[in-house]
Amino acid sequence: MYYLLQVLQEVHGSNVQLGMSRLHTSRSTRSIEKHYHIATEFLKYSEAARIREICKAIQESSGVESIDYQRARNGTVHFTVRGRDDTPDIAIRTIQNCLSTEQPGHHTTQPQLTEGNLQRLESRPMDLRQFSCLNCNYVWWRRVLRHKPVSRCKKCSVRYDPIDRDKEFGFGHFQCYTCGHSFTSARAQRGVASLCFNCQRRGVHSECFPETIEPLGWERGRGRGRGQGDGTRRKRRPPHACSLCEFGKINPCPLFSIVVVASDPHISTGSTVSTFISQLSGLSVDGDGDAV
């Protein structure tokens, strides 16, 4: 502990003395709380005991009231600093210098948002992709940049890569090329065949693959709910039958799970200079089809 205090005083001597003097002269002011985080790729030390020891030394030397930290599932460490006057700022700068390999000012330096830059950002190609979190049992769709298809689970804050296109699941649209009948299913997945019941009534076994997959809930906005809009109820839908449940032999069908396919956690390569562009994603739909 003494060695850490000595190193801190050598590197940030003036700031440490300022923080300690503020602690004794500003007792009457109200405490403030500030937050700071370090991504796992910029963290100098991965050992929890080492981080805890350094935070304790910074707390004693800078004069802040407390320094708390939590590690997210993706490895990011979130710091909460409480203190008076500018002591939290001094402690955060010290945390950044002692625990982060990132250059100072990286989080605060943003490209200037001009009209030309805004037009270039709006013209960037974006795609609607599906994500899922197995730990939270949660599914959502989000419009993301094509070159950076990453989204964060709003329940656990872990960033995920999108589900492969050929494994997306949700509300499916089908077209039978045997009889020309078109139908939909609320439990569909790309590459999984469903029976055409129009052909089955005529004694013909016809398997159809979904043409498109949409988020669950979008069909309610197009009048495909329980009624037809004129007060009459829709005809009773035939039972679910797909190749995953061997066309009704396995009950319940695996497609009735909330998370049919789990997304892989995103592993950052550090190649993106500024990640604020990813916050410009315009559309996010959760597993119930509600916009977020």
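The values are calculated or read from the model by the stated rules, or taken from the named source; none is laboratory data. On a predicted model such as this, the values are computed, not experimentally measured, just so you know. No Cβ is skipped: glycine too gets one built from the backbone with ideal geometry, and neighbour counts run over all protein chains shown. With ligands, DNA and RNA removed, areas are computed over all heavy atoms of the protein, side chains included. Shrake-Rupley method; radii C 1.70, N 1.55, O 1.52, S 1.80 Å.
For this structure, a couple of remarks:
- Within region 86-101, the set of residues being closer than 16 Å to E53 by Cα and open to solvent by less than 50 Å² (accessible area, probe 1.4 Å) comprises A91, I92, T94, I95, Q96, C98, L99, S100.
- Taking the listed residues E53, E10, E33, the one that is in a helix (DSSP H, G or I), modelled with pLDDT of 50 or more and either within 38 Å of the chain's Cα centre (by Cα) or β-branched (V, I, T) (or both) is E53, with no other qualifying.
- Restricting region 143-154 to residues that are part of a loop (DSSP other than H, G, I, E, B) and at pLDDT 90 or above leaves a set whose member that is farthest from N74 (Cα to Cα) is P149.
- Criterion violated by R27 - all others in (1) at pLDDT below 80; (2) surrounded by 17 or more Cβ atoms within 10 Å (Cβ to Cβ) satisfied: (2)
- Looking across region 56-73, the residues that are crowded, with 20+ Cβ neighbours inside 10 Å and either touching a strand residue (DSSP E or B) at 6+ places or on another chain (Cβ under 6 Å) or part of a helix (DSSP H, G or I) (or both) come down to A57, I58, Q59, S61, S62, V64, I67.
- Residue that is at pLDDT 90 or above, of a type in the set (A, V, I, L, M, F, W, C) and either within 28 Å of S194 (Cβ to Cβ) or open to solvent by 20 Å² or more (accessible area, probe 1.4 Å) (or both), where the choices are L121, L128: L128
- Any hit, region 74-85, residues being within 24 Å of V158 (Cα to Cα), open to solvent by 60 Å² or more (accessible area, probe 1.4 Å) and in contact with a Cys (Cβ under 7 Å, 6 or more places away or on another chain): no
- Inspection of region 153-166 finds no residue satisfying the criterion of being in contact (Cβ under 8 Å) with a residue 40 or more places away in the chain, small (G, A, S) and buried (at least 20 other Cβ atoms within 10 Å of the Cβ).
- Inside region 167-187, residues that are assigned to a loop (DSSP other than H, G, I, E, B), touching a strand residue (DSSP E or B) at 6+ places or on another chain (Cβ under 9 Å) and open to solvent by 20 Å² or more (accessible area, probe 1.4 Å) make up a count of 3.
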